[in-house]
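Chemist: Below is one structure. I have some questions about it.
The values are calculated or read from the model by the stated rules, or taken from the named source; none is laboratory data. Computed from a predicted structure; not experimentally measured. Note that each Cβ is placed from the backbone with ideal geometry, even for glycine, and that neighbours are counted across all protein chains shown.
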């Protein structure tokens, strides 16, 4: 399956190595650049699927690089910066960034944000869209959930939510994290919609022969995990 090609433009070698390590572990191909000019050259030459961009770069600052990228297409950009002021975040989004992550950062959260952006912007990357967990397969390409005894379709948002859970089995997510990653950062509706969608997914998992279930950690959130006997989808 095709892997996503990431361009990491970061002058701090330690941070660049951490991002590369986690991204490669997640199955991505990584290209690195350590100043803005090199980053621009890599962008032109390597045609990445997504750019992770520091702002305070030598030779050409990240703002300018982001502006140049936007002149030549819609390649998604995640800004990774120590700049924490709301003005900086607003400027990043105004220049066309798809997400803004503040340093210091959690590498696993960054990987989740990369996946969320790629899912929204690059549906043609097949491996992002098919997840297999023992006797449960979620195929976003065909909008199917495959069980040992059946193949069913789900409404789009239920499928997206189950797909997101399935990419990170046994990981606990808060309702807010799920809203941001599945519904989007600009979602302004009722946050309880997560609870409604989880309930509907549980009913469908319970109806078929899979040992995977969505469990609740009271007061915190939800996670997809393999159920113990008699404890499916509680």
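Chemist: Quickly run through region 25-42 and pick out the residues that are farther than 12 Å from residue 8 by Cα and touching a strand residue (DSSP E or B) at 6+ places or on another chain (Cβ under 9 Å).
Modeler: Correct list: 41 only.
Chemist: Then there is this: Anything in region 183-199 that is buried (at least 17 other Cβ atoms within 10 Å of the Cβ) and at pLDDT 90 or above? List them, or say none.
Modeler: 193, 194, 197, 198
Chemist: Still on this structure, I have one more. Taking region 200-217 on its own, how many of its residues are at pLDDT 90 or above and loosely packed, with under 12 Cβ neighbours inside 10 Å?
Modeler: Residues meeting the conditions: 2.
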